[in-house]
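Q: Have a look at this one.
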């Protein structure tokens, strides 16, 4: 099926329409299969890159399948944006991650306006830890310092403040918090991706809904083959295929990744649940066991359910390896032996919550040894943008902007240090 860009835009399809184009192709008048730029991977990184790159060139193609219609039966690739909420914060214990986030967040509203798709809830963000805790993601002193460096407004809350503002939440006694009341909250990653693609299409990008099976240098160009047998060429190619980058064997060398088997818990609550609180990361040490995790506020999903999402940093006994393991994980129910931990933690922090149903879903975290995404040209023709480290959804627009400028010029075009984003390769070949 081929759909012209003008028809796609004039039809007012919205998010449901843009996600229903499996197997379709959005074409801006390109009559050949020869492009200036190709982006392989149509997730958050790839879609953001396409939007930014299409302001520099009208000869861009974005290639990647849409979300599987049936996760349980799907035998192809998966992504990690199949969800309705991802944490957004403009502060982070790391200055660089906070910079990526702040730059991205500053463009959210314009992306919503230009696309006609709302994806951002500006409800604030809060980090809560018991006294004395302050490591890794929960380093409150570092977060305060970064907030001051970037001019991000935050509030310090003590135990009494937390009890007064959020009496229905039971944090460990003696906890303290850093609250970012504005320019933080959560995004719907599905709708964010759709918004990026809608704008990219309006700016001339071609979108091909297919899986790339091979990338190969052909003289002064790169040849790309897709699952349906199509072959196309581009002068430069960006690979943004996330956790499946190594498993799909698209690059001549394996990137140094650890693929973590994360999972989320979706708890359906009563539709009239009206507890208001910001997106919250919290540490709780006074329960049956220590828990460090995410607590999203109740949110009405598109299917009509009101859902509260939680997760923690449990990734199972070892990283995932290979195409088959990734597929088995994504078709399953998560770490079933860890389900009671998430259920118990939610009850301890939110004892008054009335729960209807609970569902567990798998997720993938792609960790790099640098703890930052790889945004790099591997040679003069092929670049990569991958490795979210569990922090990238909120920052994906800035990551895409950097990747687009790099691909367009072949050089590093941002004030951030290139060495931080340099790709590293695995010593293992299997």
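The values are calculated or read from the model by the stated rules, or taken from the named source; none is laboratory data. Given the structure is predicted, the values throughout are model-derived calculations rather than measurements. FYI the Cβ positions are ideal-geometry reconstructions off the backbone, even for glycines, and counts take in every protein chain you see.
Q: Take residue 302 and tell me if it is in the same structural domain as residue 176 (by TED's automatic domain parsing), in a loop (DSSP other than H, G, I, E, B), closer than 30 Å to residue 162 by Cα and touching a helix residue (DSSP H, G or I) at 6+ places or on another chain (Cβ under 9 Å).
A: Criteria not met by residue 302.
Q: From 422, 385, 393, which residue is modelled with pLDDT of 95 or more and within 19 Å of residue 60 (Cα to Cα)?
A: Result: 385 is the single residue among 422, 385, 393 that is modelled with pLDDT of 95 or more and within 19 Å of residue 60 (Cα to Cα).
Every residue, every condition in (1) within 26 Å of the chain's Cα centre (by Cα); (2) at pLDDT 95 or above; (3) within 19 Å of residue 387 (Cα to Cα), yes or no:
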{"residue": "160", "(1), (2), (3)": "no, yes, no"}
{"residue": "205", "(1), (2), (3)": "yes, yes, no"}
{"residue": "210", "(1), (2), (3)": "yes, yes, no"}
{"residue": "232", "(1), (2), (3)": "no, yes, no"}
{"residue": "235", "(1), (2), (3)": "no, yes, no"}
{"residue": "242", "(1), (2), (3)": "yes, yes, yes"}
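Q: Looking at (1) farther than 27 Å from residue 391 by Cα; (2) in contact (Cβ under 8 Å) with a residue 60 or more places away in the chain, which one does residue 218 not meet, given that it meets all the others?
A: (2)
Q: Residue 153 passes all but one of (1) loosely packed, with under 14 Cβ neighbours inside 10 Å; (2) touching a helix residue (DSSP H, G or I) at 6+ places or on another chain (Cβ under 8 Å); (3) at positive phi; which number fails?
A: (3)
Q: Now for a separate question. From the residues in region 273-285 that are in contact with a strand residue (DSSP E or B) (Cβ under 8 Å, 6 or more places away or on another chain) and part of a loop (DSSP other than H, G, I, E, B), which one is modelled with the lowest pLDDT?
A: For region 273-285, the residue satisfying everything is 273.
Q: A further question follows. Where in region 1-92 are there helices (runs of 4 or more DSSP H), lying fully within it, with 2 or more residues that are modelled with pLDDT of 75 or more and within 21 Å of the chain's Cα centre (by Cα)?
A: Those helices (runs of 4 or more DSSP H) span 44-53.
Q: Now, a different point. Could you list, in sequence order, the residues of region 129-155 that are at pLDDT below 95 and touching a strand residue (DSSP E or B) at 6+ places or on another chain (Cβ under 8 Å)?
A: 129, 130, 131, 133, 137, 138, 140, 143, 144
Q: Look at residue 204 and say whether it is buried (at least 23 other Cβ atoms within 10 Å of the Cβ), in contact (Cβ under 8 Å) with a residue 12 or more places away in the chain and assigned by TED's automatic domain parsing to the domain that holds residue 379.
A: In short, no.
Q: When you look at residue 421, is it surrounded by 18 or more Cβ atoms within 10 Å (Cβ to Cβ) and more than 23 Å from residue 120 (Cβ to Cβ), yes or no?
A: yes
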